[in-house]
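The structure appears right after this line, and notes come after that.
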Amino acid sequence: MADFRRQQAWVPYAAVFLLIEALVWGIVGLAWRYDRNDALDDARATTANLALAVERHVDSVFAQADQSLVQLRDLAAMQSGDALSNAYTQLSKTQPGLFLQLTVADASGRLSYSSLRETVPVSIAGTSAFDSHLKGDDVPYISRPQIEAGTGRLLIQMSRRLTDREGAFAGVASLSLNPGFFERFFSQLDLGHGGAVSIIGNDGFLRVRVIADRPTPAAAYQQQLLEQLYTGELPPFGTYRIDSPIDGEPRVGSWRRLHNFPMTVLVFLAEAEIQAQRLSNRLVLFYGGLALTGFIALCIFLIHRRAADQGLQVAAALRQEERWRFALDAVGDGVWDWNPQTREIFLSAGWKALLGYREQDVSNRPEEWEGRIHPEDRAKALADMADHLQGRTPVFRNEHRILCSDGSYRWILSRGIVVERDRQGQPVRVIGTGTDVTLAKSLETALLQRTVELEKAIRSLKENEAELRWLAEVDPLTGVANRRAFLARAEYDLARVRRYEGSLTVAMIDLDHFKSVNDTYGHDAGDMVLRAVADLCRTRLRSTDLFGRLGGEEFAALLIETNEDEARQVLEDLRKAIAGVVVTLSTGVTISVTASIGSVTMPPAEATVDELLKLADNALYQAKRSGRNRVVAAHPDRPAFEADHSAA
């Protein structure tokens, strides 16, 4: 029977332990799941930024190749083969490794010129490229990757239609592009071992694919991939998860369609590597949960052990005297029996020992109990007792500090109940127990202190988060907005200006001959110049304007509520101020620089920030070509500007 009772005593403790453990591991599971989703969100954001960079690079390369092809095509219609070869040779030097071959076919499809060998009787009639141009489409045609005979290497054909003086079809000019050219740029991206970068045509076939540590099988270039991502049915950019149709590996990535060519770039990170990077966080959660489980189990065991010991002491005291038969089931360190009418109180030896007193040190006067209560707790204890005696509460329960024999105070939980009343209903006997809860109070105080410390730690984390956000949005060298922050703020300002039908000017600022500053005085001196120019521009522009560094010696400014005439005056003053900047090195050498500035003022209507920056960049190019150290405003609605833009 005793063994059965001891087993029953463990039931509530086990229930409490299981309840706490369910809460602890529930929190661990939620934190684990949040960390996994957070890792995927970080991967989507990273690949979105990388996809934007890759899209701009690829679009620029193909645009340059198409512009060169147009020039070579026009030359092929007017010049001899030697002149065409010389032009192609010069073109190959501008982008080493990109161009593999130039060919020209006549209207029948017969090859009439090749940059690699003497003309041979080869016909391209009936090919998809030839048929596309034969129908009259004067747009660039980009073929699927082909295996070059003899070398076995992959190449991509970009072709344009040839016409005679009457505008009739006269043949096809083709440039063979090396897909491996893009690997140099793609290899700079930190995508891990399983990450991949791909260029896919709108027909669903690969054009280029680069993945670390492994080649792409040739069969993959003949495999049609999912088409829904590369049509106009979905937005021009986005993120998604996919099991690769090439190697079956799960990846998370982003896509962006090129603006000027029927292709899409995709940047992926391997999902396994994404989650592996967070493994340490999850191990901390797991082992932390195990440690907390052990700590909770130890605490419950100690509490149960102490409660069991206290119960044995109370039972022994109650067996010694008949009067304590009503308190046999009490759990505590001391027992008291009080008569409110005679004011006589009996304090057990256990109660006295709890406070360090001997049996003869404490009498049966009520002052022995009341007088030892801490002054700050006495009024509340007596009020709670009065409420119970008047029947306003079913039991008396109060926690208070009591003076010990050594002069210290211990926290005592006093619990009691009226067990006898007279005929008038007045209480004549109250029996109760006293339990030492000093340890629990200490734990409660420690928990409160830990809570305060945790709140301080959370505030510190938030401050660190704010600092990281600042580092993500500010160029560390110059202290102005970086490219990412500039574009994000510019999108917001552009939308606000359009909403209220205001005016806005976008300017691109580039320091002239800045490379010579770095080459002559070193990069530290160049950094001093960049900081001086950035500080000047930031102080001269209004607080409502936006100024940032896009990269290298290139800055951008967004002037709110500024028309073209006002913008020209502001930018001209800014150009003169930059020309007046003098940076003195520690050696006493002084450095001065000038700047070329290109600008564009809204409208054009519906133009995006990227398009406005491109227009401003074209105007900057005009300023450079016109002699530098000047301001040129773009006028995209004028025919002359369109001609200049094409020439650029």
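The values are calculated or read from the model by the stated rules, or taken from the named source; none is laboratory data. If you're wondering where the values come from, they're calculated on a predicted model, not measured in any experiment. Glycine gets a Cβ as well: all are built from the backbone with ideal geometry, and neighbour counts include every protein chain shown. Ligands, DNA and RNA are stripped out before the accessible areas are found, and what is left, the full protein with its side chains, is counted by its heavy atoms. Shrake-Rupley method; radii C 1.70, N 1.55, O 1.52, S 1.80 Å.
Quick notes on this structure:
- For segment 69-228, the normalised intensity computed at q = 0.14, 0.15, 0.16 Å⁻¹ comes to -0.77, -0.87, -0.97 (log10 of I(q)/I(0), Debye sum over alpha carbons, equal scatterers, no solvent).
- Cα centroid separation, segment 397-429 to segment 568-633 (Å): 86 Å
- Amide H partners (placed H, <5 Å) of V581, local residues excluded: V593
- In this simple spin-label model, placing a label point 7 Å from the Cα along the Cα-to-Cβ direction at both L389 and L302 gives a separation of 3.9 nm.
- Sparse-neighbour loop sites [chymotrypsin sites (Phe, Trp or Tyr not before Pro); segment 420-526; at most 12 other C-beta within 10 Å; DSSP]: Y500
- Proximal charge balance of A48 [Cβ under 12 Å; K/R count +1, D/E count -1]: 0
- With the charge dipole of the chain set up from +1 on Lys and Arg Cβ and -1 on Asp and Glu Cβ about the Cα centre, the Cα lying farthest toward the positive end among the listed residues A532, L162, A43 is that of A43.
- Sorting the segments 15-26, 165-176 by their mean number of nearby beta carbons within 10 angstrom, highest to lowest, gives 165-176, 15-26.
- Fraction of accessible area attributable to carbon and sulfur, the chain (%, probe 1.4 Å): 55 percent
- FRET E, pair T539, N49, Förster distance 35 Å, beta-carbon r, rounded to 0.05: 0.70
- Evaluated at q = 0.16, 0.26 Å⁻¹, the base-10 log of the normalised Debye intensity for segment 240-304, with identical point scatterers placed on the Cα atoms, takes the values -0.72, -1.04.
- Furthest towards positive pole of dipole, N339, L177, A381, structure part the chain, Cβ charges: N339
- Per residue accessible area of segment 338-443, 1.4 Å probe, in Å²: 54 Å²
- Under the Debye formula (equal points on every Cα, no solvent term), log10 I(q)/I(0) of segment 32-86 at q = 0.24 Å⁻¹: -0.87
- Helical runs assigned H by DSSP (4 residues or longer) give the chain a calculated mean residue ellipticity at 222 nm of -15500 deg cm²/dmol, each run adding -39500 (n - 2.57) before division by the residue total.
- The chain: DSSP helices with Cα axial extent of at least 27 Å and average Kyte-Doolittle hydropathy no lower than 0.5: 279-320
- The residues of segment 449-572 present an accessible area of 58 Å² per residue when probed at 1.4 Å with all protein chains retained.
- Among residues other than R365 with Cβ under 11 Å from its Cβ, the summed charge is -3 (Lys and Arg +1, Asp and Glu -1).
- With the convex hull of the Cα atoms taken as the outline of segment 43-122, the averaged projected area works out to 7.0 nm².
- What you get for the chain, charging only the Cβ of Lys and Arg (+1) and of Asp and Glu (-1), is a dipole of about 1120 debye around the Cα centre.
- Stretching S503 away from L443 to a fully extended chain increases their span by 15.2 nm, per 0.36 nm per residue minus the current alpha-carbon distance.
- Qualifying trypsin sites (Lys or Arg not before Pro) in segment 403-497, where qualification requires a DSSP coil assignment and no more than 12 other C-beta atoms within 10 Å, comprise R423.
- 33 Å tail of the calculated P(r), the chain, as % of Cα pairs: 68 percent
- Kirkwood hydrodynamic radius of segment 504-592, from inverse mean 1/r over distinct Cα pairs, in Å: 13.8 Å
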